[in-house]
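*Asks:* I have a structure here, written as structure tokens, and I will follow up with some questions on it.
The values are calculated or read from the model by the stated rules, or taken from the named source; none is laboratory data. Since the structure is predicted, the reported quantities are computational estimates derived from the model, not experimental observations. All Cβ positions, even for glycine, are placed from backbone atoms using ideal geometry, and neighbour counts span all protein chains on display. For the accessible areas, the whole protein counts, side chains as well, though only heavy atoms, and no ligand, DNA or RNA atoms are used. Shrake-Rupley method; radii C 1.70, N 1.55, O 1.52, S 1.80 Å.
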Amino acid sequence: MFHLRTCAAKLRPLTASQTVKTFSQNRPAAARTFQQIRCYSAPVAAEPFLSGTSSNYVEEMYCAWLENPKSVHKSWDIFFRNTNAGAPPGTAYQSPLPLSRGSLAAVVHAQSLVEAQPNVDKLVEDHLAVQSLIRAYQIRGHHVAQLDPLGILDADLDSSVPADIISSTDKLDLAVFKERLRMLTVGGFYGLDESDLDKVFHLPTTTFIGGQESALPLREIIRRLEMAYCQHIGVEFMFINDLEQCQWIRQKFETPGIMQFTNEEKRTLLARLVRSTRFEEFLQRKWSSEKRFGLEGCEVLIPALKTIIDKSSENGVDYVIMGMPHRGRLNVLANVIRKELEQIFCQFDSKLEAADEGSGDVKYHLGMYHRRINRVTDRNITLSLVANPSHLEAADPVVMGKTKAEQFYCGDTEGKKVMSILLHGDAAFAGQGIVYETFHLSDLPSYTTHGTVHVVVNNQIGFTTDPRMARSSPYPTDVARVVNAPIFHVNSDDPEAVMYVCKVAAEWRSTFHKDVVVDLVCYRRNGHNEMDEPMFTQPLMYKQIRKQKPVLQKYAELLVSQGVVNQPEYEEEISKYDKICEEAFARSKDEKILHIKHWLDSPWPGFFTLDGQPRSMSCPSTGLTEDILTHIGNVASSVPVENFTIHGGLSRILKTRGEMVKNRTVDWALAEYMAFGSLLKEGIHIRLSGQDVERGTFSHRHHVLHDQNVDKRTCIPMNHLWPNQAPYTVCNSSLSEYGVLGFELGFAMASPNALVLWEAQFGDFHNTAQCIIDQFICPGQAKWVRQNGIVLLLPHGMEGMGPEHSSARPERFLQMCNDDPDVLPDLKEANFDINQLYDCNWVVVNCSTPGNFFHVLRRQILLPFRKPLIIFTPKSLLRHPEARSSFDEMLPGTHFQRVIPEDGPAAQNPENVKRLLFCTGKVYYDLTRERKARDMVGQVAITRIEQLSPFPFDLLLKEVQKYPNAELAWCQEEHKNQGYYDYVKPRLRTTISRAKPVWYAGRDPAAAPATGNKKTHLTELQRLLDTAFDLDVFKNFS
């Protein structure tokens, strides 16, 4: 880099190994771009001013001089110039100029010393130029790497060569190469002469191309840089702001001869390529007209994944969770997860009958869970491939959440035992925003999985869309740069380069526990599917693809030429795997029934019976003893940590809680606290996630207390309830719905013995996570026989807060319920309510009391099976004086009330009731207030439907029969085309055998969920109340 020789000392750059060691042990505090170490080669006595602490001062001066010679005194400038020029001991230093008539003579003498070394400036400049050249290759070498196996596209969509890179003769012909060299050297960018190509230059500490050598000729420096950065591997890493990590990557790719494979490793790679390639060819022969989304063109993916898994297993990982799109999925299931081939082949049989409940899914969406021995490491490894929809990248956060959960349950706090691998397509990786959301969860404390290996199958096309029309960034992987993830681009027709990159990726994840991306630049031999014709839109690309020799053939020919294998051995490997496929195909014909549960990605051993059924069809009481309620309430109203100063306003809130406990009542926040606290006592882990959930959007929860005097000192009282309780996790999420809800869904997949809740900031915002709701939560069990007990808390209520802060869109959830509105179930069936829950696809509730909210949360865990639970939670009711529940409603023997019947004067004389109003949620309190104001408590009965789905046919039939003279009306605060009316009305009509009409009292249809005008809101509310209590309003419609 630079060298300073004196009679006493010699400043040398750090060696490569020293640099890595130094920075890993003690990173420098100063913001220097280089670091130097003093190595003495002569007695210090020769220059006594360099001894002791003075040497540090000299070194600082030298560093300043290197950056700007004018920044130091002229005497220092002369000293450093002379020493760099090799001045003998004692002559480098010149005394400061005397303040006398002799000053002019001294200046002339000093100047002559400098001019006596005419090459000093050029020496420094040339070394700086070489450093710049090395850095240019490290930063931009990937732009000229030979990445496209077809040789027709540049992976970065730019055919030009960066201006500061000379490039190789592989990329440019010799004449062009020499011209570029001349432009960059002679009086050009670097100021080097062509004669400098054979001059030896000292190498900086930021490169490893020298190996054991500290200096190389410029010609060799360029050659080694070309070999490291411009061949079949393109490395993007110089944006990483951690020097140790950059040095680690440089060492992995720059060290001469580092990418070597033994003959045994090459034979293993060939065998894996044989399996990958012949599997696709077998499917093509047997089912040429079937969609299978084959891997042709990127067969190297299978050995790539197996290399990542092998290396990770070697480093201690014993559980790998994977997510991937449809392309190549069957091959991954067969040759990575090791799904039985006959189970895959029978999926192509159109006569196969489905045996499980649900509707199933296409074969290239199904998941798998398998535990086996890794043959390379001889260690047990568990592999799980998560089922996914066609919505590309939607499974990314789900995989992350499941990985986090598995790490949590096995105490893997550093990600050393459980890891995730995500596969992506190039178009989706660049185009889908959920990729960005998932990356931004990667390093958050409550969401990190300590590094994910991302593998991009870069077909260089999206369905029919050219990448030049599909992204604005050079690469499809550029999104990964936001989290400082290194990106390794590799030509997929070079299997050994692919294996090396995957090995490095696995080592990176094991070393730094951060994300890493492997970009397999490949091609798609067929169209989007096997039936698609790609020549319509990519004629030139597919003309080249038709000529392209398969990677297996290329690699086999290479190994035969190297003598690693011979032709008979290669052919024997092919025939051996073909025989395995044929035998499995014969066995597949014996399969008559399709068991979707054989494709389950997240089994819950011990929770169900051996045949997958619930162990009972009953639910115990969800009530608690008064002692437990009181204990939880006391902790909830206190600070269990000493010397902890809380906010004055919070002190008042806790005091109010304490008073409620003394009065044996609970509000919404305290009811939630008691439900959570009691489940923790029973060993149930609880995880509450979402935007601002620690405090609560409406400042009602306060599950995390903050010390007002000590920064970042917090306390979670919920974790101080019981000596051996389960842990409680409450975490504010990033400002994301899609990614975070997907993450929590994945977390809930891992175990049935956890209550996992996601709360929207406002229920209105859940629709940015609609994909997770529509493709995973709603149909998940039907498609994949996969139960999930996730809870969605969606604040909902029309309170004049405008169209985006009023509605959680209950109509959408109810529309997706799988019950039949026109069929009355058998109400006399034993355990009718539990059977209803078991048959539904999810449960939808809107509680009107804190007590019922308490019960439905506890019921979610005490049920013998798991269903998603959608709760429309209140806003104004959080502090409504009437929205309180007594301990009596939560004691042993009490349950969740699916329906809360009228219990006032109207219920005492049901014959006198003229109208029976059905409602749900907050509007009940508006109705009771209006009924009391109109003195109609004996004429109008109000029944609350707390559980909307499954619909409580049995209880509502009793209510209707109780009031024989009453007309029926549904009342809601939502607009008529929204809310619950379209769901409730046909089911109510079915309940009463359509004997009476069901009238509507509520807002008129509207496009927006709510008005933004407060006066209009109040006018609409009064109008619906008038309709609800005007006993003559419906007579004209009879």
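*Asks:* Looking only at the range 734-773, count how many residues are in contact with a helix residue (DSSP H, G or I) (Cβ under 9 Å, 6 or more places away or on another chain), open to solvent by 20 Å² or more (accessible area, probe 1.4 Å) and closer than 26 Å to E811 by Cβ.
*Replies:* Residues flagged as in contact with a helix residue (DSSP H, G or I) (Cβ under 9 Å, 6 or more places away or on another chain), open to solvent by 20 Å² or more (accessible area, probe 1.4 Å) and closer than 26 Å to E811 by Cβ within the range 734-773 amount to 6.
*Asks:* Can you spot a residue in the range 392-402 that is outside the structural domain of F776 (by the TED database), surrounded by fewer than 16 Cβ atoms within 10 Å (Cβ to Cβ) and not in a strand (DSSP E or B)?
*Replies:* No, because not a single residue in the range 392-402 is outside the structural domain of F776 (by the TED database), surrounded by fewer than 16 Cβ atoms within 10 Å (Cβ to Cβ) and not in a strand (DSSP E or B).
Per-residue answers, yes or no, for (1) among the charged types (D, E, K, R); (2) at pLDDT below 95; (3) not in a helix (DSSP H, G or I):
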| site | (1), (2), (3) |
| --- | --- |
| L441 | no, no, yes |
| M469 | no, yes, no |
| S473 | no, yes, yes |
| A480 | no, no, no |
| F488 | no, no, yes |
| E496 | yes, no, no |
| M499 | no, no, no |
| K514 | yes, no, yes |
| N526 | no, yes, yes |
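*Asks:* Take the conditions over 30 Å from G367 (Cβ atoms) and of a type outside the set (D, E, K, R) and apply them to N831. Does it pass?
*Replies:* yes
*Asks:* Show the residue pairs that are 6+ apart or on different chains and have beta-carbon atoms under 6 Å apart, the first residue being within the range 993-1006 and farther than 15 Å from Q978 by Cβ, the second being buried (at least 19 other Cβ atoms within 10 Å of the Cβ) and among the aromatic types (F, W, Y).
*Replies:* If the second residue must be buried (at least 19 other Cβ atoms within 10 Å of the Cβ) and among the aromatic types (F, W, Y), the pairs left are V998/W970.
*Asks:* Can you tell me which residue in the range 532-583 is modelled with the lowest pLDDT, limited to those that are within 21 Å of G297 (Cα to Cα) and outside any helix (DSSP H, G or I)?
*Replies:* Among them, the one singled out is D532.
*Asks:* Any residue at all in the range 618-625 that's in contact (Cβ under 8 Å) with a residue 24 or more places away in the chain, in a loop (DSSP other than H, G, I, E, B), surrounded by 17 or more Cβ atoms within 10 Å (Cβ to Cβ) and touching a Phe, Trp or Tyr at 6+ places or on another chain (Cβ under 8 Å)?
*Replies:* Yes.
*Asks:* If you check every pair at least six apart or on different chains, which have Cβ atoms under 7 Å apart with a residue in the range 72-84 that is closer than 15 Å to L123 by Cα first and a residue that is modelled with pLDDT of 75 or more and open to solvent by less than 10 Å² (accessible area, probe 1.4 Å) second?
*Replies:* Pairs that qualify, where the first residue is closer than 15 Å to L123 by Cα and the partner is modelled with pLDDT of 75 or more and open to solvent by less than 10 Å² (accessible area, probe 1.4 Å), are F80/Y62.
*Asks:* Right, E672: of a type outside the set (G, A, S) and either assigned by the TED database to the domain that holds G401 or buried (at least 22 other Cβ atoms within 10 Å of the Cβ) (or both) or not?
*Replies:* The answer is yes for E672.
*Asks:* Residue check, T262 against (1) in contact with a Phe, Trp or Tyr (Cβ under 9 Å, 6 or more places away or on another chain); (2) farther than 30 Å from G462 by Cα, all met but one. Which one?
*Replies:* With respect to (1) in contact with a Phe, Trp or Tyr (Cβ under 9 Å, 6 or more places away or on another chain); (2) farther than 30 Å from G462 by Cα, T262 is out only on (1).
*Asks:* Scan the range 833-854 for residues that are out of contact with any Pro (no Cβ under 6 Å at 6 or more places or on another chain) and within 24 Å of Q972 (Cα to Cα) and report the count.
*Replies:* Residues meeting the conditions: 12.
*Asks:* Right, something else. Consider N484 carefully, then state whether it is in the same structural domain as R546 (by the TED database) and in contact with a Lys or Arg (Cβ under 8 Å, 6 or more places away or on another chain).
*Replies:* Here the answer is yes, as N484 does meet what is asked.
*Asks:* Pairs please, first residue from the range 704-716 and within 20 Å of V730 (Cβ to Cβ) and open to solvent by 20 Å² or more (accessible area, probe 1.4 Å), second anywhere and aromatic (F, W, Y) and in a strand (DSSP E or B), Cβ atoms under 7 Å, 6+ apart in sequence or on different chains.
*Replies:* Cβ pairs passing all conditions: I716/Y728.
*Asks:* Further question on the same structure: Test R371 against the stated conditions and say whether it is assigned to a strand (DSSP E or B) and at pLDDT below 95.
*Replies:* It is true that R371 is assigned to a strand (DSSP E or B) and at pLDDT below 95.
*Asks:* Another question, then. Which of the residues belonging to the range 307-339 are closer than 16 Å to R275 by Cβ, open to solvent by 10 Å² or more (accessible area, probe 1.4 Å), touching a strand residue (DSSP E or B) at 6+ places or on another chain (Cβ under 9 Å) and at pLDDT 95 or above?
*Replies:* Passing the criteria: only D310.
*Asks:* Could I ask something else about it? Taking V455 as meeting all but one of (1) more than 23 Å from N529 (Cβ to Cβ); (2) outside any helix (DSSP H, G or I), write down the number of the exception.
*Replies:* Against the list (1) more than 23 Å from N529 (Cβ to Cβ); (2) outside any helix (DSSP H, G or I), V455 comes up short only on (1).
*Asks:* OK, next. Among the residues of the range 678-694, how many are in contact with a Cys (Cβ under 9 Å, 6 or more places away or on another chain) and either open to solvent by 10 Å² or more (accessible area, probe 1.4 Å) or in a loop (DSSP other than H, G, I, E, B) (or both)?
*Replies:* So the count comes out to 2.
*Asks:* Next question, about the same structure. For the range 422-441, give me each residue that is out of contact with any Gly (no Cβ under 8 Å at 6 or more places or on another chain) and within 17 Å of G742 (Cβ to Cβ).
*Replies:* H424, F429, Q432, G433, V435, Y436, F439
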